[in-house]
1. Among what's in the stretch 65-104 and is among the charged types (D, E, K, R) and loosely packed, with under 14 Cβ neighbours inside 10 Å, pick the residue that is farthest from the chain's Cα centre (by Cα).
2. Take residue 238 and tell me if it is modelled with pLDDT under 65 and closer than 20 Å to residue 127 by Cβ.
3. Return yes or no: is residue 66 free of Cβ contacts under 8 Å to residues at least 40 places away in the same chain, assigned to a helix (DSSP H, G or I), of a type in the set (D, E, K, R) and over 30 Å from residue 177 (Cα atoms)?
4. Condition check: more than 20 Å from the chain's Cα centre (by Cα) and closer than 26 Å to residue 208 by Cα. Does residue 173 satisfy that?
5. Could you say which residue among 174, 187 is at pLDDT below 80, aromatic (Phe, Trp, Tyr) and closer than 29 Å to residue 83 by Cβ?
6. Check residue 192 against each of (1) more than 30 Å from residue 39 (Cα to Cα); (2) modelled with pLDDT of 80 or more; (3) not aliphatic (A, V, I, L, M) and name the one condition it does not meet.
7. Just to verify a result, which residue in the stretch 22-44, among those that are assigned to a helix (DSSP H, G or I) and loosely packed, with under 14 Cβ neighbours inside 10 Å, is modelled with the lowest pLDDT?
8. Sort out which residues of the stretch 119-161 are more than 21 Å from residue 224 (Cα to Cα) and in contact with a Gly (Cβ under 9 Å, 6 or more places away or on another chain), and write them in order of number.
Amino acid sequence: MAKAASSAPNHQGMLGAALVSHLPGARRSPLALEQAPNGLFLLWLAYMGLLAFGALLLWRAGAWHRLVAADPTGLTVVIVLLFIGCSVWAGRRAWALGLQRQRLDRWLDTRRLAANSDAEDWSAEYLRGCAQPGADQNTWMQILGERAHGPHEMAWWLNGIQLKLGLLGKVIGFSILALQLGQMDSFDASQSAQLLKNLTGGLGIALLTTVTGLTGNILLGLQLMRLDRFADALVADTLATTPPATQALAGAPHGDRPPGP
């Protein structure tokens, strides 16, 4: 829990995460649809379906072909593949968080742990650990937070890599543009067409890679933001189910007796 909280400022420091966090509804608690069985995964499927429809329209318009042809560095292809891979991981993560939510809701309905619950049941692991004699609730809270938020850190880092690859393409594009200008000894009107073609090539690389990196950063940031909010709600609801006796025991100085004279 503490580790996840300490990594939040790093997330907010990235441009894409900062933009996403200010979008309407990005920081709200899970929606009613997300709290339904597999609701978060179904919402991810709808989001990916919308993106796939947009990608199909771009393909039919020939935008993908022109995008690849205009970028000889291949950075735009790398950014797109990175976005697809991270989005697939986000879908798997949404499914896993949805399963954990179902297990927690089942415990809230019955108020008893399932006999066959294992380490994959984060809430059961937390409640069973806190119920042990002399258990330190803060340690189990950190374990629960790591289960819920730990894998998201690498996804946020890869999300920032998309933006950095876009900026790298921008630097490469302007470097090509500068080299072309440096090779000009004199301006010949008969060679103006070829000169403009060479100059716009470097400028095209700079703009296309930057736009692709920013777009992928924002679209993936939306998915990761909802995963974080869903995980926050899962951890909060799990902590709220801790029995009062366990909470009093966890507040003892050494975990062996309640505080008092």
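1. Filtering the stretch 65-104 for residues that are among the charged types (D, E, K, R) and loosely packed, with under 14 Cβ neighbours inside 10 Å, the one farthest from the chain's Cα centre (by Cα) comes out as 66.
2. no
3. Against the criterion (free of Cβ contacts under 8 Å to residues at least 40 places away in the same chain, assigned to a helix (DSSP H, G or I), of a type in the set (D, E, K, R) and over 30 Å from residue 177 (Cα atoms)), residue 66 does not qualify.
4. yes
5. Every option except 174 fails the conditions.
6. (2)
7. Taking the candidates together, the pick is 32.
8. Correct list: 133, 134, 135, 136, 137, 139, 140.
The values are calculated or read from the model by the stated rules, or taken from the named source; none is laboratory data. Keep in mind the model is a prediction, meaning the values are calculated, not measured. Quick reminder, even Gly has a Cβ in these numbers, built from the backbone with ideal geometry, and neighbours come from all protein chains shown.
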